[in-house]
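I have placed the structure first, in the form of structure tokens, so that the comments after it can refer back to it.
The values are calculated or read from the model by the stated rules, or taken from the named source; none is laboratory data. It should be emphasised that the depicted structure is a prediction, and the values quoted were computed from it without experimental measurement. Glycine also receives a Cβ, built like all others from the backbone with ideal geometry; neighbour counts cover every protein chain displayed. For accessibility, only protein heavy atoms count, side chains too; no ligands or nucleic acids. Shrake-Rupley method; radii C 1.70, N 1.55, O 1.52, S 1.80 Å.
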Amino acid sequence: MAKLSRRDFLKSSGAAALSIAALGLTGCTAAAAGESDGSAAESTTIAPETAAMAPETTAAVPETTAAAPAGGMQTPQAEAADKIWTAYVNPQREDYRTNTKELKTLFSPLKIGAVEIGHRMVKSAAGSATYLAGLTDELLQYYVNLAKGGLELIYVEGIAALEIPADGSGYSAETLAFGKKLVEECAQYGASLGYQWAQFGGGENDMTADDIHGIQDRGVAIAKGMQELGFKAFEINAAGFNMGEHFLSRFYNTRTDEYGCTSLENRARFVTECIEKIKAECGADFNVQILIDAIEENDNITNNPTLMTLDNYVTVPHTQVTTVEEGIEFAKLFEKAGADSMHLRLGPLGHHVAQFGSDLYFILNGIEGATGFGMQYDFKKHWQGQLIGDTSGAGMLLDVAARYKAAVSIPCGAVTYMDPAHAPDFFEQALEDGKVDFFLMTRPLTVDMEYVNKLREGRIDEIAPCTRCLHCHIGSNELNSMFGYCRVNALTQRVMRENGPATYELPAAEKAKKVMVIGGGPAGMEAARIAASRGHDVTLYEKKGMLGGLLDFAHIVKGPHENLLDLKNYLIRQLDVCKVKVETGVEVDAAKIAAEAPDAVILAAGGLRDTLNVAGDGNTPVIDMESFMFTEMGENVIVYGSNAQAFDAALWLTVHKKHVTMVTPNKADEMDMQQSQHAMRMMTTALYSLGFHSWPQSSIKSVNGGVATITTETGVDMEIPCDAIVNAADMLPNKSLLDGISVSEVYAVGDCEAPFNIAKAIHAGNDAGRAV
């Protein structure tokens, strides 16, 4: 099939975003078009071979395009282009990822209160769920490994077991010993620890002054306890849904007393009094950092109206967001009260994960700016026009941070996908320009715990990339532990837990073995690098002429946001670093295995897609998933299947002006389950707002004369227009190569064993590499 270059595809793919006032889109895909490790079996087609895709798109719709009308209708200006109007609202830059600068400012010292660090990367507090089993070695090793990787200031998430008891009894000997050991072991690698206090909000409007003072005093006691353990900093989380934000925000705070909305000082009083009390108890040298929503926007503009809701109440909340100007005045008050630094993040009022993972707004290729509520932001207009909206979410808060930094004298840090390895010049320039003092990070650091050291040593091509799928975050730590994982790092939320790797460290092989890895997709490359790192003699075989499985194809469908080409290049680089021998263009069969006589075989050949036979007049093409983008087809398209690949295809086709209907034998709660829940929400709300419809537990009965008859889950037949069918049915296992081979140790990993997504494929590859 014809191939599109990355540059050509990027030119033809646009960005997207709906006006907050318009019904719209949201979208995010995590495991999708490229979840398979190898090539899939070709679908049966009922029509002659199809022609190549349409030519390159015309220029983007001018900025003067009118606001998007409700219901996802196209604007006249977009009609001449090859995509719907959403693709032209927030066009994305191609040039922000250059790497030409020496990272002098990034690796320059910074003094934050009494703590001095040697670079500008700080670990933010985020739910790792490593403490759920108690004060165990799992919790200890998580933070020690972050310190070992080069971090010098690490904020620890709220861990009740580490907090001094509220009854005044003081720490137990066991807790005191664990806390001091955690601090000391991190300090061996040059890291200081901070602790985040996130008092959850609720009921503030009914509290007495004594109630408020009691909560403040509890915060002070926790801070004093952490200081006793050896922590050097304390962060008050006054953002999101936490109590500090509930006092700061007019959206939540309806009080009229000294803690009410009668003045900025009163709104800030809960936080400023906390700062003053902590400083009085712990001393000036104990750092206090304040986390706030630096700028807010009301994403859920409908406010979930009911029959009892007056219509005018629906839009009133939109007037109550905190502006940049208000936030700066709060920061001045915090500094005056004694705060040592600011932690700035985004403040969408209705979408929690987007408060710290706001690059989620860019996960839909062609609908960048999707909110998750069936709407789309125009970053030139929403958020006071203050966000950087053309770098796929990277550093989008930097211009806002610059305004805070200019107004206060304490250091200002910012979060929202701050990843210097992703765009070195971009982030270095932000530091050089004085926009921000330090970057607060979590996802890139948990994907590769050696991130800082590798970046310092110039080994940027050896840094495992965050692919921004958000599989790592579910909600509470309990849910994160049950369902969360990382697409790239097989240890995250798995190491030192049941059925996961036993240790962070790779155990050396007891005896070097000759290992054949068959398949050069993510699972195969992960298995090869792990096995070789342990000392085995590994050769990887790939029948195609290049490595990567379907990652290149996934990148074309999904666009650059998820860094899938970075993932491919990282894994290929690791094969070289780990001295894996690679043979491409070699199709392995039983005879080849017998001739090589390996001690172990790891099969990672990818899954197979079943054929789709459709009754009818034979004039409607059934197009293979791997070729739909390169195939000319009519306006009305049925996507058969409901996995992440199917949804990615539906999004791509919808953005390219196709009317898409999904027909799937799967149940509704099984649809798009290969993606993270956040990606699923963005994807489905966006597609439904654009006229997409899905029919679960349904089948295609026949297609005649451009009309498909489908049988729905109710047993009723219905007719829908159909010019083409894309076969995105669930993949099937593909292990027949292992039948009858004379090798005592064999493993099947990835889609050839259990088709699902990239993350599970990499996990299986890592486990096999450790087991062999």
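Charge tally around residue 485: other residues with Cβ under 9 Å, Lys/Arg +1 each, Asp/Glu -1 each, net +3.
Cα extents for segment 292-419 along the principal axes, largest to smallest and rounded to whole angstrom: 48, 35, 22. Each Lys and Arg Cβ is given +1 and each Asp and Glu Cβ -1; about its Cα centre, the chain then shows a dipole of about 1120 debye. Taking each DSSP H run with n ≥ 4 as -39500 (n - 2.57) and averaging over every residue of the chain yields -8500 deg cm²/dmol at 222 nm. So if R0 is 25 Å, what FRET efficiency would residue 228 and residue 476 give, r being the distance between their Cβ atoms, rounded to the nearest 0.05? The pair residue 228/residue 476 has a calculated efficiency of 0.35. Computed from backbone phi with θ = phi - 60° and the Karplus coefficients 6.51, -1.76 and 1.60, the 3J(HN,Hα) list for segment 670-680 is 9, 6, 6, 6, 6, 8, 5, 4, 5, 5, 4 Hz; x is used for glycine and proline.
Among 85, 695, the order of accessible area from largest down is 695, 85, computed with a 1.4 Å probe on protein heavy atoms. Computed from backbone phi, the HN-Hα couplings of segment 90-106 come to 10, x, 9, 6, 9, 9, 7, 9, 5, 9, 10, 8, 7, 7, 5, 6, 4 Hz, rounded to whole numbers (Karplus: 6.51 cos²θ - 1.76 cosθ + 1.60, θ = phi - 60°; Gly and Pro given as x). For residue 707, the amide hydrogen comes within under 5 Å of the amide hydrogens of 722, counting only partners 5 or more places away or on other chains and with H modelled in the peptide plane.
Summarising the amide proton neighbourhood of residue 475: residues at separation of 5 or more, or on other chains, whose placed amide H is nearer than 5 Å comprise 480. DSSP bridge analysis restricted to segment 125-254 gives an antiparallel fraction near 10%, rounded to the nearest 5.
Here the translational diffusion coefficient of segment 71-192 follows from Stokes-Einstein with Rh set to the Kirkwood radius across Cα pairs; for 37 °C and 0.692 mPa s it amounts to 175 µm²/s. For the set 688, 451, the ranking by accessible area, highest first and with no ligand, DNA or RNA atoms included, is 688, 451 under a 1.4 Å probe.
Take 720-728, 463-471 and order them by the average number of nearby Cβ atoms within 10 Å per residue, most first; the result is 463-471, 720-728. Database remark: amide H of residue 195 closer than 5 angstrom to the amide H of 156, 233, 234, 235 (H placed geometrically; neighbours at sequence offset of 5 or more, or on other chains; Pro and chain starts carry no H).
As a length-normalised measure over Cα pairs under 8 Å and 6 or more apart, the relative contact order of the chain settles at 20 percent. Accessible surface for residue 736 stands near 80 Å², nearest 10, in the context of the full protein assembly shown (1.4 Å probe).
Between the Cα long axis of helix 173-187 and the first principal axis of the chain there is an angle of about 70°, rounded to the nearest 10.
Reducing segment 686-719 and segment 570-584 to their Cα centroids gives an inter-centroid distance of 45 Å.
Taken one residue at a time, the phi angles of segment 141-146 give Karplus couplings (6.51, -1.76, 1.60, θ = phi - 60°) of 5, 4, 6, 5, 5, 5 Hz. Gly and Pro are set to x.
Label-to-label distance, residue 573 versus residue 176, with points set 7 angstrom from Cα along the beta-carbon direction: 4.7 nm. Could you work out the local net charge near residue 167, counting Lys and Arg as +1, Asp and Glu as -1, over the other residues with Cβ closer than 14 Å to its Cβ? In short, -1. For segment 560-690, the relative contact order works out to 17 percent when only alpha carbon pairs closer than 8 Å and six or more residues apart are counted. Of the whole protein surface, residue 497 contributes about 50 Å² of accessible area at a 1.4 Å probe radius.
Sorted largest first by accessible area at a 1.4 angstrom probe radius, with every protein chain in place, the residues 322, 684 fall in the order 684, 322. Using the beta-carbon distance between residue 380 and residue 742 and R0 = 45 Å, what value does 1/(1 + (r/R0)^6) give for FRET efficiency, to the nearest 0.05? FRET efficiency, residue 380 to residue 742: 0.10. Based on the Kirkwood approach, the hydrodynamic radius assigned to the chain is 27.5 Å, with every pair of different Cα atoms included.
With all protein chains present, calculate the accessible area of residue 197 using a 1.4 Å probe and round the result to the nearest 10 Å². Result for residue 197: roughly 10 Å² accessible.
Placing a label point 7 Å from the Cα of residue 499 along the Cα-to-Cβ direction, the residues of segment 741-756 whose backbone N falls under 15 Å of that point are 750, 754-756. If the segment from residue 483 to residue 409 were pulled out straight at 0.36 nm per residue, it would be longer than the present Cα-Cα gap by 22.4 nm. If a spin label sat at a point 7 angstrom from the Cα of residue 611 along the line to its beta carbon, the backbone N atoms of segment 701-725 nearer than 19 Å would be those of 701-703, 725. Label positions at residue 101 and residue 433, each projected 7 Å from the Cα along the C-beta direction, are separated by 0.9 nm. Counting only DSSP beta bridges with both residues in the chain, the antiparallel share comes to about 20 percent. Placing a label point 7 Å from the Cα of residue 595 along the Cα-to-Cβ direction, the residues of segment 502-525 whose backbone N falls under 20 Å from that point are 514-520.
Counting Lys and Arg as +1 and Asp and Glu as -1 over every other residue whose Cβ lies under 12 Å from the Cβ of residue 389, the net charge comes to -2. Taking 35 Å as R0, compute the FRET efficiency from the Cβ-Cβ separation of residue 210 and residue 329 and round it to 0.05. Computed FRET efficiency for residue 210 and residue 329 comes out at 0.80.
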